[in-house]
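Presented below is the structure to which this report refers.
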Amino acid sequence: MITRQFGSEVRWMLRRPRTIIGLFGLVLVPIIISFGIWTAGDGGGGPGLAAILQGNGMVVPIFTLFLSLNLLLPLVASIWAADGLAGEAQHGTLRGLLVAPVSRVRLLFVKLFGLTAMSLFAVTLMAVVGIIAGTAFLGTNGMMTLSGTTLSTGQGLLRIALFVVLVTFQMVSIGAVALAVSSTTEHPLVVQAATMTTIIVFQVLGQFSSLDWLHPFLITTGFPGLIDVMRDPIPLGQIWDSTLLAGCYLLIGTGLAAMRLITKDS
Amino acid sequence: MTTSTSAPVTAPTQQAVAARTRGLRKEYGSTVAVDRVDLELPEGAVLGMLGPNGSGKTTTIRMLLGLVRPTQGEIELLGRPLPDGAEQALPHVGALVEGPGFHPFLSGRENLIRCAAFEPLLEKRRIKQAVEDALERVGLAQAAHRRYRGYSLGMKQRLGLAAALLVPRKLVVLDEPTNGLDPAGTREIRRIIAELHDRGTTVLVSSHLLSEVEATCTHVAVLHRGTVVAQGELTELLQAGGSALQVVTPDVEKALSSLRQAKISARPLGEGLRVELAGTSAPQVIETLVQAGVGVYEATRWKTGLEELFARLTEAEEAERGMSAVDTLDGGPR
């Protein structure tokens, strides 16, 4: 029964025109980045990852996801979370599901599964397109790391897979908090606005050194540390901290959403 | 009748019930949407829930389906207490609440398939057939491939009905099912309700259209200002409303004075008069009229319609509260 509900949820998300448009938009990011670096030629580059992109196509997926995690991926997660509960409530379909009946806790898990499956799909899709576009435009010869070593293609792919999982987890955690907001309203836009405002405000707050004490609690603080995946060997400290922080957001978001859903009148 | 409006007309019976509420109350902030609702839905009945807009019909239905938590009171649905028993009871309940709710970007069929995926009683391999059957049943088979966005109000309503009928149900709850339907569509809904009734399915229909209820229901519950002002079998309720004789005559004045002399209450109405049959009988009235030399063209027994009963129940209460000075329909002396 639950697998059938999971299946229905993912099919439903994939059938949405905005999902298709969103995925299409996401896929454009690695293509544009690869193309941009390619046209910039040797004079291009920049700080950190951007500096090693030239002639290093395998880094494009990592660079793309790293960039997108700041704004684009949270936006997509918030849209899915918004449609999941607030959108269903707005269309009156939430009532139908509850009367079917789907227990409210079960419904939250179906929504969380849909969010996870679609996030993983979107991030993987971006990575795959990134590998293809990066290799095509910039060429590749293994994967050069930030530590200056070069990894074999196989190891490079493993690093990309690891990064995909880490980024997906961050995205789902943000989505879980967005689901909590989503359970309180019938207006999907409120959910998106609230989530994106939070992400942006967090990033701004992260710039103020006077707010040092607050930084460990902001999910956005953990984003930059994920790039350690590109070092050789991988230092696990920051990656672990970021993931743990995201895990807390996931638990709190899910908990709040469940509490709200259970007592909600619909 | 006006004095007994607040009490249920029939005493609760020992008959099996499909749903029952006791002392139901729902507050939204400081407003009380529903209060002291004791509703009884006998098994196999078609219960028409009547009430003006805002009388608490939908709130009651939402509580009955476990969508809304009552502030106070108990609900029993198909023998299970709510909300704890919702997962056992609700699979047997089909519902169309507060208008149809579907996704605009999916076709009618895809929408139903999504509904079907969440129906616990529907096996996966039977989903396809169940969806087609339901579409056929509500007459949407031709339009099933079109997007819900482009559906007319009537088609949306039909799709909502189809979702309620995906699985054979023990109880079907229809909240204003004929909203937006043309007369043919309304007849169709009546036919479906009659079919369900024949199969022994209990049906709860809420409506503000009295004719609809009168045509399809065996039982009626009248809600007013968030509480049940009358409930029981339709025929009993109507009988309790008393009866009258409609007499068509050109000599209204003469007829009225002769009846008054015979101490029979009557008042002019249309092309003749309306005579109350309280304490008298139809032959007696006609005899009185004929003896007085009044030409009687036609005399028909006037059965209290639901409309009249409804008006009396809802307006009488308002008059009691001093809300309205509108006279009830039969203001004549008894």
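B:Pro120 fails exactly one of the following numbered conditions: (1) surrounded by fewer than 23 Cβ atoms within 10 Å (Cβ to Cβ); (2) without any contact (Cβ under 8 Å) to a residue 24 or more places away in the chain; (3) within 23 Å of A:Arg4 (Cβ to Cβ); (4) within 13 Å of chain A (Cβ to nearest Cβ). What is the number of that condition?
For B:Pro120, the failing item is (2).
Quick one: in region B:128-163, which of the residues that are surrounded by fewer than 19 Cβ atoms within 10 Å (Cβ to Cβ) and under 23 Å from A:Val10 (Cα atoms) is farthest from the other protein chains (Cβ to nearest Cβ)?
Selected residue: B:Glu132.
Within 30 Å of A:Gly92 (Cβ to Cβ) and assigned to a loop (DSSP other than H, G, I, E, B): does that describe A:Thr198? Don't jump to the end; show me each part of the working.
Working: within 30 Å of A:Gly92 (Cβ to Cβ): yes; assigned to a loop (DSSP other than H, G, I, E, B): no.
Judged against the criteria, A:Thr198 is not a match.
From the list A:Val123, A:Val128, which residue is among the hydrophobic types (A, V, I, L, M, F, W, C), in a helix (DSSP H, G or I) and surrounded by fewer than 21 Cβ atoms within 10 Å (Cβ to Cβ)?
Of A:Val123, A:Val128, the one residue that is among the hydrophobic types (A, V, I, L, M, F, W, C), in a helix (DSSP H, G or I) and surrounded by fewer than 21 Cβ atoms within 10 Å (Cβ to Cβ) is A:Val128.
Which residues, counting only those in region A:96-139, are facing another protein chain (nearest Cβ under 8 Å), touching a residue at least 60 places away in the same chain (Cβ under 8 Å) and within 21 Å of A:Arg18 (Cβ to Cβ)? Break it down into steps so the answer makes sense when it comes.
Filtering region A:96-139 down to residues facing another protein chain (nearest Cβ under 8 Å) leaves A:96-103.
Add one more test, that the residue is touching a residue at least 60 places away in the same chain (Cβ under 8 Å), and what stays is A:98, A:102.
Across region A:96-139, there are no qualifying residues.
Can you run down the residue pairs with Cβ atoms below 8 Å, 6 or more apart or on separate chains, where the first is in region B:207-234 and farther than 15 Å from B:Asp35 by Cβ and modelled with pLDDT of 85 or more and the partner is surrounded by 22 or more Cβ atoms within 10 Å (Cβ to Cβ) and acidic (Asp, Glu)?
The qualifying pairs are B:Gln231/B:Glu40.
Within region A:1-84, which helices (runs of 4 or more DSSP H) (wholly inside it) include 3 or more residues that are of a type in the set (S, T, N, Q) and within 14 Å of chain B (Cβ to nearest Cβ)? Don't jump to the end; show me each part of the working.
Working: elements: A:2-15, A:17-40, A:49-52, A:59-68, A:72-81.
Output list reads A:2-15.
Regarding A:Thr93, is this residue surrounded by fewer than 24 Cβ atoms within 10 Å (Cβ to Cβ) and within 14 Å of chain B (Cβ to nearest Cβ)? Outline the logic, then answer.
Numbers: surrounded by fewer than 24 Cβ atoms within 10 Å (Cβ to Cβ): yes; within 14 Å of chain B (Cβ to nearest Cβ): yes.
When the stated conditions are applied, A:Thr93 passes them.
Pairs under 7 Å by beta carbon, first residue more than 12 Å from every other protein chain (Cβ to nearest Cβ) in region B:64-81, partner in a loop (DSSP other than H, G, I, E, B) and among the basic types (Lys, Arg), six or more apart or different chains?
Hits for this filter: B:Leu78/B:Lys170.
Confirm whether B:Val247 is of a type in the set (A, V, I, L, M, F, W, C), part of a strand (DSSP E or B) and farther than 24 Å from B:Ala278 by Cα.
Judged against the criteria, B:Val247 is not a match.
Mind listing just one residue for me: the one in region B:162-197 that is among the small types (Gly, Ala, Ser) and not in a loop (DSSP other than H, G, I, E, B) and, of those, nearest to the chain's Cα centre (by Cα)? It would help to see each step written out before you state the result.
First, pick out the residues of region B:162-197 that are among the small types (Gly, Ala, Ser): B:162-164, B:180, B:184-185, B:194.
Filter again for not in a loop (DSSP other than H, G, I, E, B), leaving B:162-164, B:184-185, B:194.
On the way: B:Ala162: 21, B:Ala163: 21, B:Ala164: 18, B:Ala184: 19, B:Gly185: 18, B:Ala194: 14 Å.
So, considering only residues that are among the small types (Gly, Ala, Ser) and not in a loop (DSSP other than H, G, I, E, B), the one nearest to the chain's Cα centre (by Cα) is B:Ala194.
The values are calculated or read from the model by the stated rules, or taken from the named source; none is laboratory data. Because the structure is predicted, anything quoted here is derived from the model rather than measured. Glycine also receives a Cβ, built like all others from the backbone with ideal geometry; neighbour counts cover every protein chain displayed.
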